[in-house]
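Taking it in order: structure first as structure tokens, then the write-up.
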Amino acid sequence: MSKIFAVANQKGGVGKTTTCVNLAASLVASRRRVLLIDLDPQGNATMGSGVDKNELQLSSYDVLVAGLPARKAIVTTASGYDLMPANGDLSAAEVELLDMDGRESRLRRALRDLNGDYDYIVVDCPPSLNMLTVNALCAASGVLIPMQCEYYALEGLSALVDTITQIQRAANPELKIEGILRTMYDPRNSLTSDVSDQLSEYFGDRLYRTCIPRNVRLAEAPSFGKPALEYDRHSKGAIAYLALAGEMTRRHAANRNPSHSGPVAE
Ligand code: ADP
Ligand code: MG
């Protein structure tokens, strides 16, 4: 079974797309089979993966709205992961979906056909709690929430947590918060540590230990259509995302073999 993660936060600019692209590349580096789904009409994950959003034959729009089999819209990237790309067409999907049967579960149904092809499916959500994000949350087993540790960071988090709870109840009981990821992290900033402490208090061990530092290489890499791991593999950003992939896969391995992860009896 694939692990399906929705990378969601209705705030823009918190590092969702950067996390999707770099996590996908890092999971590939640890020999996982990965599909990245771009569910944002801005198509940043598509461009950041080296695929031109203006040249797409088929995209996530066709899968969601026209019911195209998922495999037909998937392309291979130079970074070793597969991509279901997106572009501006997807903004129409939001409205078109409203009148459709099973409008929340179109992506979930489409992904059923892929069963077994991937170890991880990562979904890049748009910066809003709209029908596209709802589709990602209905399809996912976990939500990964990137957060910038700044003054307004926690504002809006309760709306996201409420949405997750509603979807858990109504459509997808499997859904859980997979992890909270601190992005653009600057430990010298005292506000960062205050917000970090609050996150730790509220989310406990769901807060990833790995923090993603503010790193210019992460911001530059997308204009070359590459994950940081390819653009500058020694950069702090690339290394941090490798660490995140490691933390994630270790957690999953531990959950699969609980006898190896429980507290050691004295
Ligand atoms: P979102 O998808 O949540 O809107 P992005 O991943 O597109 O956010 O990031 C917003 C901007 O910040 C982009 O220009 C991106 O390159 C930059 N960025 C993201 N993470 C980092 C980081 N850790 N260090 C420096 N710049 C970053
Ligand atoms: Mg984005």
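What follows draws every value from the coordinates through simple rules; no lab data is involved. Quick caveat: nothing in here was measured; it's all calculated off a predicted structure. No Cβ is skipped: glycine too gets one built from the backbone with ideal geometry, and neighbour counts run over all protein chains shown.
Table for the structure above
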{"item": "Rel. contact order, % - alpha carbon contacts under 8 angstrom, at least six apart, segment 64-130", "result": "38 percent"}
{"item": "Listed peptides 231-239, 95-103, 115-123, 18-26 by packing density, highest first (mean Cβ within 10 Å)", "result": "18-26, 115-123, 231-239, 95-103"}
{"item": "Which of MET131, MET248 has the fewest Cβ neighbours within 10 Å, and the rest in rising order", "result": "MET131, MET248"}
{"item": "Alpha carbon convex hull of segment 175-266, volume per residue in cubic angstrom", "result": "159 Å³"}
{"item": "Hull-based mean projected area of segment 112-250, where the convex hull spans the alpha carbons, in square nanometres", "result": "9.7 nm²"}
{"item": "GNM result for the chain, Cα springs below 10 Å: residue of GLY12, GLY43, GLY246 fluctuating most strongly", "result": "GLY12"}
{"item": "Those residues of segment 8-22 whose amide nitrogen sits under 12 Å from the label point placed on ARG251, 7 Å along Cα→Cβ", "result": "none"}
{"item": "Estimated vicinal HN-Hα couplings, Hz - segment 34-39 in sequence order (Karplus 6.51, -1.76, 1.60; Gly, Pro = x)", "result": "10, 10, 9, 10, 8, 10"}
{"item": "Label-point separation in nm, VAL216 to GLU55, each point 7 Å along Cα→Cβ", "result": "3.0 nm"}
{"item": "GNM result for the chain, Cα springs below 10 Å: residue of LEU56, LEU181, LEU107 fluctuating most strongly", "result": "LEU56"}
{"item": "Computed over segment 69-170, Kirkwood Rh from alpha-carbon pairs, angstrom", "result": "15.3 Å"}
{"item": "Hull shadow area, averaged, the chain [alpha-carbon convex hull, nm²]", "result": "14.6 nm²"}
{"item": "GNM result for the chain, Cα springs below 10 Å: residue of ASP52, ASP89, ASP194 fluctuating most strongly", "result": "ASP194"}
{"item": "Dimensionless Rg ratio for segment 135-174, taking C-alpha atoms and the 2.2 N^0.38 Å reference", "result": "1.28"}
{"item": "P(r) of segment 1-60 over all Cα-Cα pairs, binned every 5 Å from zero, in whole percent", "result": "4, 16, 28, 24, 19, 9, 1"}
{"item": "Cut-off under 5 Å, modelled amide H: who pairs with GLU178 long-range", "result": "VAL143, LEU144"}
{"item": "DSSP-loop chymotrypsin sites (Phe, Trp or Tyr not before Pro) across segment 141-202, with at most 16 other Cβ within 10 angstrom", "result": "TYR151, TYR152"}
{"item": "Amide H contacts under 5 Å for ASP119, placed H, 5+ residues apart", "result": "ARG33, VAL34"}
{"item": "Relative contact order %, segment 3-261, counting alpha carbon pairs below 8 Å whose residues are six or more apart", "result": "25 percent"}
{"item": "Burial ordering of SER49, SER190, SER60, fewest other beta-carbon atoms within 10 Å first", "result": "SER190, SER49, SER60"}
{"item": "Relative contact order of segment 159-212, defined on C-alpha pairs under 8 angstrom at six or more residues apart (%)", "result": "38 percent"}
{"item": "Phi-based couplings in Hz for segment 144-159 (Karplus 6.51, -1.76, 1.60; Gly and Pro marked x)", "result": "9, 10, x, 9, 9, 7, 10, 4, 8, 4, 7, 5, x, 5, 5, 5"}
{"item": "Derived scalar couplings ³J(HN,Hα) [segment 73-89; Karplus, 6.51 cos²θ - 1.76 cosθ + 1.60; whole Hz; x for Gly, Pro]", "result": "9, 8, 10, 9, 9, 5, 8, x, 10, 8, 9, 9, x, 8, 8, x, 3"}
{"item": "Dimensionless Rg ratio for segment 176-223, taking C-alpha atoms and the 2.2 N^0.38 Å reference", "result": "1.29"}
{"item": "Dipole moment magnitude, nearest 20 debye, the chain about Cα centre, only Lys, Arg, Asp, Glu C-beta charged", "result": "760 debye"}
